[in-house]
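Below: one structure, written as structure tokens.
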Amino acid sequence: MASAAKRLIAGDLVAFPTETVYGLGADASNSAAVARIYSVKGRPNDHPLIVHITSMERMGDWASDVPEYAIALARKFWPGPMTLVLKRSELAGDFVTGGQDTVGVRVPDHVVALALLEAFEKAGGKGVAAPSANRFGHISPTTAAAVVEELADYLSKDDLVLDGGACAVGVESTIIDCTGLLPRVLRPGAISTVMIEEVTGLNALSVDGVDEIRVSGSLKNHYAPAAKVYLNKTPQSGQGFIALSNIQTPPGVIRLASPSDDEEFAQILYSALREADTQGLLEVVVVQPAGLGIAVAIRDRLVRAANGR
Ligand code: TXA
Ligand code: MG
């Protein structure tokens, strides 16, 4: 961890596991290092990045005017799969925020991520900017092998990929805009609207793919495998198929995953879609889970995946 932190301080990139998906990290106060994230991902550079910190005590480094309800959320759900969008401090440069006057911050809940962030802090670092460790528009990686598959051709020899096994949550963090009077969900995730309302005592608003804010995760097509994704159809022979375990596989159909509940569905979704590409399948049918909680996040990602690359 100490040597990985040193790489970050030196301006190299370190991909690391979090509980949601793998991130591609750079020193968030080093503009040249952050610029490399954009080139390695092939991502437009006006898209903002999330700054990862060790604890809510560090929020004040990156954000200013943090409202009460954001503090309540941080206290309840950090470390955890939640990103808060706050008014930025001076430390949060345009190169991290995509030129916006807000910054996204998150404390991840993963031993490797936290150990890396702590070592980085000990070495004098303040925060690690990290988008999901995939090429722009592709599926987020949930294993170290998937990171390598996505980015090996673009990383340089001083960059690192840390292997912490498969991610437990499997879909990206809930992003909550905390710059208004009420919390506003910009991207659904494991922290649901109901959970946010319970903790804050406020109504949580949600945006549905509006383009006014630059959340690349809310582009209409994103999170897409090379295979064409179809939702809620009867799969035909030769097509891949992902559905809850109580749904049968028709003859000739290639079953890619049979999760037994919504949590497991989220956890295996991206690796199952990757598996479709590995097997060279042209089409995958996914039966979306119904209901609230993390099923909302699963449907959100699937609808975008179905819109293709
Ligand atoms: O679970 C996660 O959030 C993962 C792990 C690695 O932490 N990270 C992640 O980062 O998904 P990324 O960059 O792939 O997606 C972050 C999303 C982007 O769509 C970005 O536009 C949005 O967060 N975002 C970041 N800062 C923002 C801000 N200040 N205002 C609005 N959206 C912001
Ligand atoms: Mg992403």
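The values are calculated or read from the model by the stated rules, or taken from the named source; none is laboratory data. Not measured: the values here are computed from a predicted model. Counting neighbours? That spans all protein chains shown, and the Cβs are built from the backbone with ideal geometry, glycine included. These accessible areas exclude ligands, DNA and RNA; they are computed on the full protein's heavy atoms, side chains included. Shrake-Rupley method; radii C 1.70, N 1.55, O 1.52, S 1.80 Å.
Mind listing whichever residues of region 31-63 are assigned to a strand (DSSP E or B) and under 15 Å from PRO108 (Cβ atoms)?
Looking only at region 31-63, we keep the residues that are assigned to a strand (DSSP E or B), and these are 50-52, 63.
Scanning region 31-63 gives ILE50, VAL51, HIS52.
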Out of LEU24, LEU49, LEU8, LEU73, sole residue that is modelled with pLDDT of 95 or more and under 18 Å from ILE196 (Cβ atoms)
LEU73
Please give the number of the condition GLU121 fails out of (1) more than 25 Å from SER29 (Cα to Cα); (2) open to solvent by 10 Å² or more (accessible area, probe 1.4 Å); (3) more than 16 Å from ligand 2 (Cβ to nearest atom).
(1)
I'm trying to understand the selection: among the residues of region 126-141, which are open to solvent by less than 10 Å² (accessible area, probe 1.4 Å), more than 9 Å from ligand 1 (Cβ to nearest atom) and either part of a loop (DSSP other than H, G, I, E, B) or among the polar types (S, T, N, Q) (or both)?
GLY127, ILE139, PRO141
Hey, among VAL194, VAL147, which residue is crowded, with 19+ Cβ neighbours inside 10 Å and not acidic (Asp, Glu)?
VAL147
Among the residues of region 203-220, which ones are modelled with pLDDT of 95 or more and either within 27 Å of LEU114 (Cα to Cα) or open to solvent by less than 50 Å² (accessible area, probe 1.4 Å) (or both)?
ALA204
Test: VAL85 is at pLDDT 95 or above, within 16 Å of ligand 2 (Cβ to nearest atom), assigned to a helix (DSSP H, G or I) and within 20 Å of the chain's Cα centre (by Cα):
no
Considering only region 187-201, I want to know if a residue exists there that is modelled with pLDDT under 65 and assigned to a loop (DSSP other than H, G, I, E, B).
no
Residue that is touching a His at 6+ places or on another chain (Cβ under 9 Å) and buried (at least 19 other Cβ atoms within 10 Å of the Cβ), where the choices are THR54, THR18:
THR18
Take GLY165 and tell me if it is within 22 Å of GLU263 (Cα to Cα), open to solvent by 30 Å² or more (accessible area, probe 1.4 Å), part of a loop (DSSP other than H, G, I, E, B) and out of contact with any Gly (no Cβ under 9 Å at 6 or more places or on another chain).
yes
Residue selected from region 1-15 under the condition open to solvent by 40 Å² or more (accessible area, probe 1.4 Å) and outside any helix (DSSP H, G or I), by the criterion farthest from ligand 1 (Cβ to nearest atom):
ALA10
Go through (1) under 20 Å from ALA4 (Cβ atoms); (2) more than 16 Å from ligand 2 (Cβ to nearest atom) for PRO108 and report which single condition fails.
(2)
Residue identified as in contact (Cβ under 8 Å) with a residue 60 or more places away in the chain and either more than 18 Å from ARG184 (Cβ to Cβ) or not β-branched (Val, Ile, Thr) (or both) among THR20, THR83
THR20
